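Working notes, structure below.
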Ligand SMILES: [Fe+2]
Ligand SMILES: [Fe+2]
């Protein structure tokens, strides 16, 4: 049996949905799974794009067989060698022994690093901007180094103007019947999951994403087929995701708002953070999110820090250093290229320690605009702290009013 979909004329989705996975890259928590997309283009020569996780090899092969409908497979194109997309290449190459393995020099180098060179005779090497004619259609390969691995390339199909975009434009969440972005991207938490995927996995490489955009600038794109998440084939959806990617890759905030990230062992710093949030709300700030750093996978607050124009970090001392969950969060935040945001601090220094200094040191490489006086709580919120928190809220609310998005 099979689960294929004909998504465009003679273009089939032959991927799989993984709803059992708990962490993507064994790191990022998933609650609604992820799709490993793979596509089959039928023409005089039949071309398969990428493969899927090892747990789904059987379903994947069944899908390709169904889409081929008895025909031969001529090419297997590998746009990305991360194992969520390459664990079933061997099975496909073995099942279709006449298929050529299309990749660039780095694709084959990585293939041999992860596996071996037993398919060496079947390599079909392409270089940046090379074209491959497959009948009515021609594929143009465009290398996209570090979006987000070195060997990544995208492919542009000239007849129907399809961009096979590798991990770019991908998102978390398994596909649930509707694969067309038109019916998915404005529903539920899709945009939050797409942002979380981009910021945490590709985010650091914003400049490389911009380089790719320059390389494909001028190409008319009528469909985007990514390796995860829905496919984009109407103008409105394509424009929507393109606009998001322009902001994300240039590190421009999407919305005016404040992300308050705190740590709190016994609730006092949480109380201070709540008081700050209440003050901000009373001053008319509409978008405020609070994250207890111990309660969340860091990928969630990291995505919201990129989303909003402003952030407040509330670190606490632990063994005279910085509470380690905040330490890890701030380091990873900087690692995602966080910059161009306005930030403030609320610190519970209790009986001593360097959490505030360490937090600032970690954030040093990011280009940030600091506003307001650092609020310092001594174990619990006191009367004098209320005025300091109110003052900080005033400074932030005023700054938000003057922020252009
Ligand atoms: Fe990847
Ligand atoms: Fe991927």
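Just a few scattered comments:
- Check on residue 166, on the phi > 0 side of the Ramachandran plot and crowded, with 23+ Cβ neighbours inside 10 Å: yes
- Looking only at residues in segment 112-149 that are more than 16 Å from ligand 2 (Cβ to nearest atom) and part of a helix (DSSP H, G or I), the one that is nearest to residue 204 (Cα to Cα) is 113.
Listed here are the residues, each with its yes/no results for (1) in contact with a helix residue (DSSP H, G or I) (Cβ under 6 Å, 6 or more places away or on another chain); (2) more than 27 Å from residue 369 (Cα to Cα).
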| residue | (1), (2) |
| --- | --- |
| 237 | yes, yes |
| 245 | no, no |
| 298 | yes, no |
| 321 | no, no |
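- Conditions (1) within 16 Å of ligand 2 (Cβ to nearest atom); (2) crowded, with 23+ Cβ neighbours inside 10 Å; (3) free of Cβ contacts under 8 Å to residues at least 60 places away in the same chain; (4) not in a helix (DSSP H, G or I): number failed by residue 80: (3)
- Scanning segment 17-29 for residues that are within 21 Å of residue 188 (Cα to Cα) and either crowded, with 23+ Cβ neighbours inside 10 Å or out of contact with any helix residue (DSSP H, G or I) (no Cβ under 9 Å at 6 or more places or on another chain) (or both) yields 19, 22, 23.
- Restricting segment 180-194 to residues that are crowded, with 21+ Cβ neighbours inside 10 Å and away from ligand 2 (no atom under 16 Å from the Cβ), the residue that is farthest from residue 81 (Cα to Cα) is 184.
- For segment 211-221, the criterion of being within 16 Å of ligand 2 (Cβ to nearest atom), in a helix (DSSP H, G or I), under 23 Å from residue 145 (Cα atoms) and in contact (Cβ under 8 Å) with a residue 12 or more places away in the chain is satisfied by at least one residue.
- Every residue from segment 272-304 that is assigned to a loop (DSSP other than H, G, I, E, B) and surrounded by 19 or more Cβ atoms within 10 Å (Cβ to Cβ): 285, 293, 298
- Search result, residues across segment 366-382 that are without any contact (Cβ under 8 Å) to a residue 40 or more places away in the chain, in a loop (DSSP other than H, G, I, E, B) and out of contact with any helix residue (DSSP H, G or I) (no Cβ under 6 Å at 6 or more places or on another chain): 367, 373, 374, 382
- Scanning segment 150-173 for residues that are outside any strand (DSSP E or B) and within 16 Å of ligand 2 (Cβ to nearest atom) turns up 150, 151, 152, 165, 166, 167, 168, 169, 170, 171, 172.
- Screening 65, 71 for residues that are away from ligand 2 (no atom under 16 Å from the Cβ) and in a loop (DSSP other than H, G, I, E, B) leaves exactly one candidate, 71.
- Residues of segment 19-37 satisfying the condition of being within 14 Å of ligand 1 (Cβ to nearest atom) and either part of a strand (DSSP E or B) or closer than 26 Å to residue 162 by Cα (or both): 24, 28, 34, 35, 36, 37
Read-outs throughout are calculated quantities, based only on the coordinates presented, and are distinct from any laboratory measurement. Bear in mind the structure is a predicted one, so any value in this text is a computation, not a measurement. Don't worry about glycine lacking a Cβ; one is built from the backbone with ideal geometry, like all the others, and counts go over all protein chains shown.
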